[in-house]
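Accompanying notes for the structure given below.
The values are calculated or read from the model by the stated rules, or taken from the named source; none is laboratory data. Only a predicted model underlies this, so the values are computations on that prediction, with no experimental measurement involved. All Cβ positions, even for glycine, are placed from backbone atoms using ideal geometry, and neighbour counts span all protein chains on display. Just so you know, the surface numbers come from the protein's heavy atoms only, side chains and all, with ligands and any DNA or RNA stripped out. Shrake-Rupley method; radii C 1.70, N 1.55, O 1.52, S 1.80 Å.
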Amino acid sequence: MIELHVHLDGSLRPATVMELADQQGILLPTCDLKVLTDEYLQVPDSCVDLVECLKRFDLPIKVLGTPEAIRRVTYELVEDLAAEGHEYAEIRFAPQYARFTGYSQQEFVEAARDGLKEALAKCPAMKASLILCCMRGDDNREENMETIRMTARHLDSGICATDLAGAESLFPTEMFADVFALAKKLDIPYTIHAGESAGRVSGPDSIRSALQMGAQRLGHGVLAIQDPTLVKELAARKIPLEVSYTSNVQTKAFPTAAEHSLRRLYEAGVHVTLNTDNRTVSNVNLKKEIIRVKQAFGFTDQDIAVMQQYAREAAFTRL
Ligand SMILES: [Zn+2]
């Protein structure tokens with residue numbers, strides 16, 4: 001299996017969250033692992049939108065405040081993915097959170113690369129690479145620029161690309177034009193989260209901005225369905241969409257799960273790929289995700305193989 005869109009901080013082992021909190025003297029809201037998982041790490045069914053779902057990252061980000069924590073969880077995620085039969089995965093995280101605890105992005109990136117390297121040495125059947133995320137916000141321009149420079153410095157050495165993540169309804173993609181102008185100048189491949197959640201920016205507009213900025217892939221992109229001309233363009237240009245059905249249902253990207261655009265985009269010839277987005281936050285893995293989309297949309301094994309082939313072709317690393 002191949003997966004292109006999985007966030008490190010959304011995919012921590014709950015027991016590891018407890019241990020890391022303990023080691024760092026971080027007070028947890030509960031000592032009960034099940035309560036911690038259900039009430040603080042996983043998205044509730046009652047989640048109203050992406051902004052609310054993003055609150056489930058508060059605790060993971062808090063316990064990931066040291067390079068050693070970053071190294072450990074990167075190692076564990078690769079180990080988990082390998083155990084489930086992944087052939088390749090692109091794992092993403094935002095090194096700029098290092099500033100919360102006084103570390104540099106360089107220290108976090110090196111720690112993640114170390115964890116990746118150690119895990120891959122033990123899991124020879126698997127390949128994996130890291131995507132460094134810039135974050136949406138209005139006070140972190142310099143941090144985003146540093147993430148781009150960090151990606152350029154380590155490209156092809158455990159790092160394969162950059163991304164833009166966070167609340168797109170609060171901070172529209174156009175705000176980050178200068179960040180991606182630098183990425184383009186430095187010849188860095190990038191994907192951009194766009195067309196994931198409705199808000200004051202329309203999904204198709206958000207996708208058009210990402211394409212104008214030169215994104216080679218789109219994180220989600222599922223709201224493209226609202227604009228038939230855009231769907232045709234995505235299909236014609238073979239722009240891969242990193243679709244995460246379970247996550248999109250949880251963030252209420254569509255009023256109901258049945259209205260999710262995956263089947264319609266696939267039928268229209270768009271290169272849709274299947275991804276978990278966040279294994280712990282969404283309580284999902286790629287096997288479950290595949291079963292769910294087969295049940296929801298009647299996809300055959302052949303359809304799933306086509307989507308896996310799209311993922312293979314869209315990978316930022318040559319497979
Ligand atoms: Zn994502």
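Any chance you could count how many residues in the stretch 1-40 are outside any loop (DSSP other than H, G, I, E, B) and within 16 Å of the ligand (Cβ to nearest atom)?
Total meeting the criteria: 5.
Which residue is most open to solvent (accessible area, probe 1.4 Å), if the candidates are limited to the stretch 92-143 and must be out of contact with any strand residue (DSSP E or B) (no Cβ under 7 Å at 6 or more places or on another chain), of a type in the set (S, T, N, Q) and assigned to a helix (DSSP H, G or I)?
101
Can you list residue pairs whose Cβ atoms sit under 9 Å apart, with the first residue in the stretch 2-23 being of a type in the set (S, T, N, Q) and open to solvent by 20 Å² or more (accessible area, probe 1.4 Å) and the second being more than 16 Å from the ligand (Cβ to nearest atom) and at pLDDT 95 or above? Count only pairs 6 or more apart in sequence or on different chains.
23/63; 23/66; 23/68; 23/69
Of all residues being in contact with a Leu (Cβ under 7 Å, 6 or more places away or on another chain) and without any contact (Cβ under 8 Å) to a residue 40 or more places away in the chain in the stretch 235-265, which is farthest from residue 298 (Cα to Cα)? Just the residue, please.
Of everything passing the filter in the stretch 235-265, 239 is farthest from residue 298 (Cα to Cα).
Would you say residue 75 is under 23 Å from residue 196 (Cα atoms), open to solvent by 20 Å² or more (accessible area, probe 1.4 Å) and touching a helix residue (DSSP H, G or I) at 6+ places or on another chain (Cβ under 6 Å)?
no
Under 6 Å by Cβ, and 6 or more places apart or on different chains, what pairs join a residue from the stretch 149-168 that is within 16 Å of the ligand (Cβ to nearest atom) with one that is assigned to a strand (DSSP E or B) and of a type in the set (Phe, Trp, Tyr)?
161/190; 162/190
Sort out which residues of the stretch 144-163 are buried (at least 19 other Cβ atoms within 10 Å of the Cβ) and of a type in the set (Asp, Glu), and write them in order of number.
The answer is 146, 163.
Can you tell me which residues in the stretch 44-61 are buried (at least 18 other Cβ atoms within 10 Å of the Cβ), within 16 Å of the chain's Cα centre (by Cα) and modelled with pLDDT of 90 or more?
Within the stretch 44-61, 60 is the sole residue that qualifies.
For the stretch 191-205, state whether one or more residues are within 28 Å of residue 78 (Cβ to Cβ) and out of contact with any Asp or Glu (no Cβ under 7 Å at 6 or more places or on another chain).
no
Is there a residue in the stretch 180-199 that is of a type in the set (Asp, Glu), part of a strand (DSSP E or B) and within 16 Å of the ligand (Cβ to nearest atom)?
Looking through the stretch 180-199, none of the residues is of a type in the set (Asp, Glu), part of a strand (DSSP E or B) and within 16 Å of the ligand (Cβ to nearest atom).
For every residue, the table says whether it meets (1) more than 24 Å from residue 183 (Cβ to Cβ); (2) buried (at least 21 other Cβ atoms within 10 Å of the Cβ); (3) aromatic (Phe, Trp, Tyr).
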position: 227; (1), (2), (3): yes, no, no
position: 248; (1), (2), (3): yes, yes, no
position: 262; (1), (2), (3): yes, yes, no
position: 273; (1), (2), (3): no, yes, no
position: 276; (1), (2), (3): yes, yes, no
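Report, by residue number, each residue of the stretch 144-165 that is among the aliphatic types (A, V, I, L, M) and part of a helix (DSSP H, G or I).
Those that are among the aliphatic types (A, V, I, L, M) and part of a helix (DSSP H, G or I): 145, 148, 150, 152.
For the stretch 103-134, how many residues meet the condition of being hydroxyl-bearing (Ser, Thr, Tyr) and within 19 Å of the chain's Cα centre (by Cα)?
1
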